[in-house]
Amino acid sequence: MNLEDVSRETAGRLDVYRALLEKWNPRINLVSRASLFDGRARHFADSAQLYGLVPHPVAHWADLGSGGGFPGLVMAILAQETGSPARVTLVESDARKGAFLDTVIRETGANATVITGRIEAIPPLDADVVSARALADLTTLLGFAARHMRPGGHAVFPKGATWHEEMAAAQSAWQFTVDVARSKTEAGSVVLHVRGIASV
């Protein structure tokens, strides 16, 4: 989804989110200081591009290692306009970051829930879509997705320029189908859309 095309109400909620990010970031380091100056493209547009890569409607979207809320909290805010995903779960082990996410949810009215816990320790989420951004290598992410994604679900993972190497390593541990979409916000980066994950 292109952020230039969202409603005035959605744009306003994203502005509230960005203001809270700038307020909280010096205390708990949600994103790098340098990236805050170009936050709209670096974090918000980068997250929003994932929206159109999966089939909608989505009943349950789970974002793993949410940190500052990207991309999961952006999905929840976009959903206030589109109705999909119907609900979003944000998994974050750091309680301070969880408190930030809860604050944004409260201030924007987004339909999202924060689970404070480790991805490998919480009960399976049975999500239609699983996402994770800047969390771990692809092999690890596929293990997380296999645990938390329902059969027939979709996983979307933004990856940087070394994605080829990560893909080769992951293929020795997992079977999966993948579509590679070029990032609209960062040259050399991609979004991996993965389905049919099974251990080798």
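Of all residues in the range 39-78, exactly one satisfies the criterion of being within 16 Å of V130 (Cβ to Cβ), among the small types (G, A, S) and free of Cβ contacts under 8 Å to residues at least 40 places away in the same chain, namely A76. Looking at this structure, is A95 at pLDDT 95 or above and either within 18 Å of L125 (Cβ to Cβ) or of a type in the set (V, I, T) (or both)? It is false that A95 is at pLDDT 95 or above and either within 18 Å of L125 (Cβ to Cβ) or of a type in the set (V, I, T) (or both).
Test V6 against the stated conditions and say whether it is of a type in the set (V, I, T) and in contact with a His (Cβ under 9 Å, 6 or more places away or on another chain). No; evaluated as a whole, the condition is false for this residue. Of the residues making up the range 5-43, those that are of a type outside the set (F, W, Y), surrounded by fewer than 18 Cβ atoms within 10 Å (Cβ to Cβ) and at pLDDT below 85 are S32, R33, A34, S35, L36, D38, R40, A41. Would you please name the residue that is surrounded by the most Cβ atoms within 10 Å (Cβ to Cβ), looking only at residues in the range 79-125 that are of a type in the set (G, A, S) and touching a residue at least 60 places away in the same chain (Cβ under 8 Å)? Step by step, filter the range 79-125, then rank; the result is A110. Flag: L30 matches the condition of being within 15 Å of the chain's Cα centre (by Cα), under 23 Å from L138 (Cα atoms) and not aromatic (F, W, Y).
If the condition is being among the basic types (K, R) and either under 15 Å from the mean Cα position of the chain (by Cα) or on the phi > 0 side of the Ramachandran plot (or both), then the range 95-151 contributes K97, R133.
The set of residues in the range 151-168 that are over 13 Å from V129 (Cα atoms) and loosely packed, with under 13 Cβ neighbours inside 10 Å comprises G160, A161, T162, H164, E165, A168.
Total residues in the range 179-200 satisfying the condition of being touching a strand residue (DSSP E or B) at 6+ places or on another chain (Cβ under 8 Å), within 20 Å of S47 (Cβ to Cβ) and surrounded by 15 or more Cβ atoms within 10 Å (Cβ to Cβ): the figure is 8.
The values are calculated or read from the model by the stated rules, or taken from the named source; none is laboratory data. Quick caveat, the model's predicted, so the values are computed rather than measured. Please note: Cβ atoms are built from the backbone with ideal geometry, for glycine as well, and neighbour counts cover all protein chains shown.
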